[in-house]
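Engineer: What follows is a structure written as structure tokens; I'll ask about it next.
The values are calculated or read from the model by the stated rules, or taken from the named source; none is laboratory data. Not measured: the values here are computed from a predicted model. A quick note on method: Cβ atoms are made from the backbone with ideal geometry, for glycine too, and the neighbour counts reach across all protein chains shown. Remember, those area values only see protein heavy atoms, side chains included, never the ligands or the DNA or RNA. Shrake-Rupley method; radii C 1.70, N 1.55, O 1.52, S 1.80 Å.
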Amino acid sequence: MQSSLPRNSSLLTKAAAISGLLGMAAFGASAHAQTAAEKALTQRPDVVQSLFACRGVADAQARLQCYDARAAELEQASDAREVVMIDKEQVRETRRGLFGLSLPSLKIFGGEKGDSESEQVREVEGTIASARKVQRNWLIVMEDGAQWLQTDGREMLRDPRKGGAIIIRQGALGGYLAKIDNQSAIRMKRVN
């Protein structure tokens, strides 16, 4: 029985093995870099950690001095924009502004795994600032500056108009559906 592999098949096998090992090494390096990046995002800044460490000071007077000094450092870091503090409402508003954009998962806005259903943005409501036809599809600009382009080419009974109401929700397969002035939903994608 004669082999159907060429004579230099051992060379091909070695090349495939080396390629596989390089691929696994690259994957491992990127996974390590991703883990380090995620850790950096979830780790508290040193200036905040040092403030929290003041709780461990036993003497009341020394603890107060520690808090005063660390609070002043935190204020300086905040004023210099080295540390930025945001509350849950600011996170919600940022998520609403980013709705529809394809971005990497940013843990600074809360990881989706830990979010409750009520914290995840599934739809946005807004007002149309402008609307114009681009070939057969509508380009809708909302008052917050978000631009949405129709992707299905469907005609609507009434053209979108400035001041009109728009509700955009996430579709079942990752797309987006928009209802403009209570008409049937059309498919859309965010373009800015």
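Engineer: For segment 41-60, give me each residue that is among the hydrophobic types (A, V, I, L, M, F, W, C), assigned to a helix (DSSP H, G or I) and farther than 22 Å from GLN76 by Cα.
Structural biologist: Residue satisfying the conditions is ALA60 alone.
Engineer: Moving on. Please go through (1) without any contact (Cβ under 8 Å) to a residue 40 or more places away in the chain; (2) surrounded by 13 or more Cβ atoms within 10 Å (Cβ to Cβ) for VAL191 and return the number of the only condition it doesn't satisfy.
Structural biologist: That leaves (1) as the condition not met.
Engineer: Now for a different question. Would you point out the residue of segment 84-103, among those that are modelled with pLDDT of 75 or more and out of contact with any helix residue (DSSP H, G or I) (no Cβ under 9 Å at 6 or more places or on another chain), that is farthest from VAL48 (Cα to Cα)?
Structural biologist: Step by step, filter segment 84-103, then rank; the result is GLU93.
Engineer: Scan segment 178-188 for residues that are open to solvent by less than 80 Å² (accessible area, probe 1.4 Å) and in a strand (DSSP E or B) and jot them down.
Structural biologist: Within segment 178-188, ALA178, ILE180, ILE186, MET188 meet the criteria.
Engineer: For segment 137-177, enumerate the residues that are among the small types (Gly, Ala, Ser), within 21 Å of the chain's Cα centre (by Cα) and either loosely packed, with under 15 Cβ neighbours inside 10 Å or over 12 Å from PHE99 (Cα atoms) (or both). Let's see the steps before the verdict.
Structural biologist: Pass one, segment 137-177, residues among the small types (Gly, Ala, Ser): 145-146, 153, 163-165, 171-172, 174-175.
Of the ones still in play, those that are also within 21 Å of the chain's Cα centre (by Cα) are 145-146, 171-172, 174-175.
Passing the criteria: GLY145, GLY171, ALA172, GLY174, GLY175.
Engineer: Taking segment 143-177 as the region of interest, how many residues are among the aliphatic types (A, V, I, L, M) and not in a loop (DSSP other than H, G, I, E, B)? Step through it out loud before you land on a result.
Structural biologist: Looking only at segment 143-177, we keep the residues that are among the aliphatic types (A, V, I, L, M), and these are 146, 149, 156-157, 165-168, 172-173, 177.
From what is left, the residues that are not in a loop (DSSP other than H, G, I, E, B) are 149, 165-168, 177.
So the answer is 6.
Engineer: Would you mind stating whether VAL121 is under 23 Å from ILE186 (Cα atoms), modelled with pLDDT of 90 or more and not in a helix (DSSP H, G or I)?
Structural biologist: no
Engineer: If ARG81 satisfies every condition in (1) at pLDDT below 90; (2) surrounded by 13 or more Cβ atoms within 10 Å (Cβ to Cβ); (3) over 16 Å from ARG187 (Cα atoms) but one, which is the exception?
Structural biologist: Condition (2) is where ARG81 drops out.
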